[in-house]
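The values are calculated or read from the model by the stated rules, or taken from the named source; none is laboratory data. What you are looking at is a predicted structure, and each value in this text was computed from that prediction instead of being measured. Here the Cβ positions follow ideal geometry from the backbone for every residue, glycine too, while neighbour counts run over all protein chains shown. Accessible surface is based on the protein model in full, side chains and every heavy atom, while ligands, DNA and RNA are left aside. Shrake-Rupley method; radii C 1.70, N 1.55, O 1.52, S 1.80 Å.
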Amino acid sequence: MDWIASKKCSAADAAAMIENGDILGISGFTLAGYPKAVPSALAARAEKLHSEGKPFKVSLFSGASTGDSCDGALARANAISLRMPYQSNPSLRKAINDGSIRYIDAHLGKMGYLVRTGAVPTPKIAVIEVSAVLPDGRVCLSTSGGNSVCYLERSEKIILELNTRLGDSYMGIHDNALPELPPHAKPLAIYSAGDRVGENLVQIDPNKVIAIVENSGYDEVTPFVEPDSVSTNIAERILDFIRFEESKGRLPKGMAYQSGVGKVANAVLTAMANDERLGQIDIFTEVIQEAVIPLLKKGKLGVASGTALTLSQGAQDEFIRNAADWKKHFVIRQQEVSNSPDVIRRVGVISMNTALEADIFGNVNSSLVCGSSMMNGIGGAADFARNCALGFFLTPSVAKGGAISSIVPYVSHVDQTEHDTQIFVTEQGLADLRGLASEERARLIIKECAHPDFKEPLTDFLEYSLKHAKGVHMPLALSKAFEMHNRYLETGKMLP
């Protein structure tokens, strides 16, 4: 009997091989390519042990967020002690914010490096979804790259989840290179979205494999919905600005695009697909969202490079049916490469990311509501924002039916500093902050990006700060910086 057959077992049997206190390095990045059967079985095992009065928790390291059958099931089973580096699950978020689960919110491009250098503990067991296992010990990853190669290399033991639904549709799509570790690390020779520098399969040690579990599950991705009017408005402003910059000779043609996660980022790609003036484009990003499919169908997609292909169930099936023709347009990398500052700068990326809130000086909060309640995490936005050729931060000007202004006097938590942001866009307008000092930035953001209901209080804050702040280089009156946030916490709205 070959080694593959000898390792096959049920999800419950594989889960029984995981011990209390283990650190698991799992595949998956933003709801793509994560293990589905073993985490669900592990959650059931944890619940049974807890009912018997026995402790059972594991630490979970991933690429980014995973689906409900992984993050959600384990969180509800009280089976996670520590989670890192990113999440987006409601059950997990609740446990993080009530203190039940410790959470380390980290730059996604740095997670693999932290593990490979020993700055954080090495996972004991890698639990990785794959689409193929070959007799010579090579495996083909599934719908994401994430940190899977790092975890497969570093972990003592390996559990593979073989997704039989995928067949050979992902064969040849991956580029599994990892950067060399410093000092004197050689740069990866990636100069455009389609460049490949690694192998498409991952060589593992079969002796480390303790279980192979078959599953046929789908990535639990919300179905794509057409952009709303606010998102479409923001997208059109961005494309108009890019065309203007190109016409002035300030932006070379041929730059690759990066878009973050969410409906606003999807709207930009949808607008690109519908814009007859736009030719073929390349994408160099972390998450390749479903809105890239219309670009592909209209012949406008050159190559989309990322670390995850995040598609709804219908689009997952469509990709498998068309994989032979479509996959030449895609490269799935490890996130240490997709989010590498060195590679992002060399490729030349137009970056578009979403903000929870931004302040009038150009700081961005991507992660924490009212400064303390975790939403999802910083993600990879900072990897791109600081290293891109041209960078946008996008947000609707108001939230909660107008109760909250997304433009505030000072953000309640800083993820991207004013030094790393260039252009802000809301449905109200676009503010190009390049070359502007603090007061100029503030006046432009208020004028172009703030909702009309909030322009006056934001201007009042600025004028007050110019008179009462310790210095006027950064006119920030500390005594009033969080008045709008405090009012929202007290009354449910930011305006008096």
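Work through the residues other than L162 whose Cβ is under 9 Å from its Cβ and net out their charges, Lys, Arg +1 and Asp, Glu -1. Net charge around L162: -2. Convex hull volume per residue, computed on the Cα atoms of region 159-245, equals 218 Å³. For the chain, the calculated P(r) over all alpha carbon pairs, in 20 Å bins from 0 to the bin holding the longest distance, is 24, 54, 21, 1, 0 percent.
For a 27 Å ceiling on Cα separation, which of these pairs sit above it: K400/K447; K447/K470; K124/K328? Beyond 27 Å: K124/K328.
Of all DSSP bridge pairs formed entirely within region 13-169, close to 20 percent run antiparallel. Angle of helix 313-326 to the longest C-alpha principal axis of the chain, folded into 0 to 90 degrees and rounded to 10: 80°. Sorting 144-154, 413-423 by their mean Cβ neighbour count within 10 Å, with the most densely packed peptide first, gives 144-154, 413-423. Residues whose amide H lies under 5 Å from that of V130, counting only those 5 or more places away or on a different chain, are E161, L162, N163; hydrogens are built 1.01 Å from N in the peptide plane.
For the pair V225 and A399, label points projected 7 Å from Cα toward Cβ lie 1.6 nm apart. Label separation (D168 vs E456): 6.9 nm, computed from points 7 Å beyond Cα along the C-beta direction. Note that region 432-443 has calculated 3J(HN,Hα) couplings of 8, 8, 5, x, 10, 7, 4, 5, 5, 4, 4, 5 Hz, one per residue in order, obtained from phi through the Karplus relation 6.51 cos²θ - 1.76 cosθ + 1.60 (θ = phi - 60°); glycine and proline are x.
On the accessible surface of the chain, probed at 1.4 Å, how many percent belong to carbon and sulfur atoms? So the carbon and sulfur contribution to the accessible surface is 51 percent. Its relative contact order, with pairs defined as Cα atoms under 8 Å and 6+ residues apart, puts the chain at 14 percent. Within the chain, antiparallel bridges make up roughly 25 percent of the DSSP beta bridges whose residues both belong there. Placing a label point 7 Å from the Cα of E19 along the Cα-to-Cβ direction, the residues of region 155-171 whose backbone N falls under 20 Å of that point are 155-160. Taking Cα atoms only, the orientation of helix 263-274 departs from the longest principal axis of the chain by about 90 degrees. Backbone amide hydrogens, once placed in the peptide plane, bring T354 within less than 5 Å of G260, V261, L394, excluding anything fewer than 5 places away on its chain.
Positive contributions from Lys and Arg (+1) and negative ones from Asp and Glu (-1), summed over other residues with Cβ under 11 Å from the Cβ of V425, come out at -4.
Extension gain, E156-D2: 0.36 nm per intervening residue step, less the Cα-Cα distance, totals 53.3 nm.
Measuring r between the beta carbons of A119 and V414 and using R0 = 22 Å, the FRET efficiency lands at 0.45. Residue by residue, region 30-43 carries 3J(HN,Hα) couplings of 6, 6, 10, x, 9, x, 10, 7, 5, x, 5, 5, 5, 4 Hz when phi is fed to the Karplus relation 6.51 cos²θ - 1.76 cosθ + 1.60 (θ = phi - 60°); x denotes Gly or Pro. Here is the P(r) of region 147-292: all C-alpha pair distances, binned every 10 Å from 0, give 9, 26, 29, 24, 11, 2 in whole percents.
Can you give the FRET efficiency for R487 and E440, using 1/(1 + (r/R0)^6), R0 = 22 Å, r = Cβ-Cβ distance, to the nearest 0.05? Calculated transfer efficiency: 0.20. In this structure the amide hydrogen of A32, modeled in the peptide plane, comes within under 5 Å of no amide hydrogen from residues 5 or more places off or on another chain. For region 407-495, relative contact order (Cα pairs under 8 Å, six or more residues apart, normalised by length) works out to 25 percent. Take 21-34, 233-246, 264-277 and order them by the average number of nearby Cβ atoms within 10 Å per residue, most first; the result is 21-34, 264-277, 233-246. Projecting the Cα atoms of F424, V414, S69 onto the charge dipole of the chain (Cβ charges, centred on the Cα centre) puts V414 farthest toward the positive pole.
Order the peptides 208-220, 337-349 from the highest to the lowest mean number of other Cβ atoms within 10 Å of their residues.
The most tightly packed comes first, giving 337-349, 208-220.
Modelled spin labels at D317 and R277, positioned 7 Å past Cα toward Cβ, are 3.9 nm from each other. From helices alone, the chain scores -9000 deg cm²/dmol at 222 nm; the rule is -39500 (n - 2.57) for each run of n ≥ 4 DSSP H residues, then divide by the residue total. Under a model in which nothing but the beta-carbon of Lys, Arg (+1) and Asp, Glu (-1) is charged, region 351-457 shows a dipole of about 60 debye around its Cα centre. Short-range pairs are left out: with C-alpha atoms under 8 Å and at least six residues apart, the relative contact order of region 1-109 is 24 percent.
Antiparallel as a % of all DSSP beta bridges within region 77-172, to the nearest 5?
Values: 3 of 11 bridges.
Just about 25 percent of them are antiparallel.
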